[in-house]
Amino acid sequence: MIKRILIALLFLGTTGVLSAQLTYGTTGLLHAPSAEMQKDKTVMVGANFLHREITPPHWDYNTYNYYLNVTFFPWLEVAYTCTLVTAESLGLKPYGYSGFTNQDRYFSVRLRALKEGQFWKHMPAVVIGASDPFTSSGDVFNTTSGNGYFSRFFIAATKHIAIGKEEIGVHLSYLYNDRTDYRLNGVAAGITYSPTFAPDLRVIAEWDTKDFAFGATYLLFNHLHLQVEMQRMRYFTGGLAYKIYLK
């Protein structure tokens with residue numbers, strides 16, 4: 001596994017451009033969070049194909065999501081994400097419905113607690129955040145069940161390390177939720193590699209507490225952000241987002 005990742009890193013190259021975590025509609029790695037933030041007043045509108053292996057167990061089929069993400073301040077990012085749901089999974093097929101007939105909606109928020117190098121040279125950035133923090137079905141505060149399928153709370157740290165003219169990002173986070181169907185309670189980690197010869201390409205290898213994943217992002221014309229991911233080096237997930245800079 002490590003040998004494959006190193007070979008792919010050397011082959012693809014990557015970027016210093018901040019990454020959008022398309023699976024959640026937020027800034028981050030592929031499926032694991034990071035402590036990177038978008039520039040102040042950045043708006044992202046995007047959509048993705050999600051392989052069923054990357055979704056919570058409630059989804060036993062491939063699906064899609066779309067989202068709106070706004071970085072209101074350098075320290076605050078908020079996203080609204082909708083994931084498509086099939087009639088079959090809702091038990092509506094006997095009533096004549098089929099295919100995508102509904103959607104799951106949730107908010108995400110990320111707060112930067114510390115900026116990289118804020119108090120000393122080697123200090124990492126730190127971000128705390130949450131996605132789908134409460135359910136709208138039944139008891140709002142009963143996060144063990146209900147429709148909070150993408151629920152997670154996290155704290156993440158990121159440090160960028162210069163190696164000659166190149167740069168590697170090291171990302172470490174802790175994720176938690178108390179869901180009964182897919183409990184999150186563990187450490188996630190990732191590496192991003194940013195060579196100078198490909199400033200708009202970024203390669204990411206990560207462990208998201210459950211699986212290894214490898215992928216890449218590319219920023220085209222400074223606005224169109226593309227992302228591809230291979231979970232467990234087998235299952236494809238990908239999408240794109242359009243970035244608007246209000247400031």
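The values are calculated or read from the model by the stated rules, or taken from the named source; none is laboratory data. Here the structure is a predicted model, which is why all the values come from computation and not from measurement. Don't worry about glycine lacking a Cβ; one is built from the backbone with ideal geometry, like all the others, and counts go over all protein chains shown. In case anyone asks, the SASA skips ligands and DNA or RNA and just uses the protein heavy atoms, side chains included. Shrake-Rupley method; radii C 1.70, N 1.55, O 1.52, S 1.80 Å.
Points worth noting:
- CD proxy at 222 nm, helix term only [per DSSP H run n ≥ 4: -39500 (n - 2.57); per residue of the chain; nearest 500]: -1500 deg cm²/dmol
- For segment 20-100, the Kirkwood estimate of the hydrodynamic radius, built from every pair of different alpha carbons, is 14.0 Å.
- Accessible surface computed residue by residue for the chain, with neighbouring protein chains in place and a 1.4 Å probe, gives 49 Å² per residue.
- Extension gain, ASP211 to LYS93: 0.36 nm times the residue separation minus the Cα-Cα distance gives 39.2 nm.
- Segments 67-78, 112-123, 33-44 sorted - mean Cβ within 10 Å per residue, highest first: 33-44, 67-78, 112-123
- Over the chain, the ratio between the Cα radius of gyration and 2.2 N^0.38 Å evaluates to 1.00.
- In sequence order, calculated HN-Hα J values of segment 76-83 (Karplus, 6.51, -1.76, 1.60; Hz; x Gly/Pro): 9, 10, 10, 9, 10, 10, 10, 10
- When you count the other C-beta atoms within 10 angstrom of each residue and take the mean per peptide, 195-202, 224-231 line up highest first as 224-231, 195-202.
- Pairs exceeding a 22 Å alpha-carbon distance, out of LYS165/LYS210; LYS159/LYS247; LYS159/LYS243; LYS121/LYS165: LYS165/LYS210; LYS159/LYS247; LYS159/LYS243.
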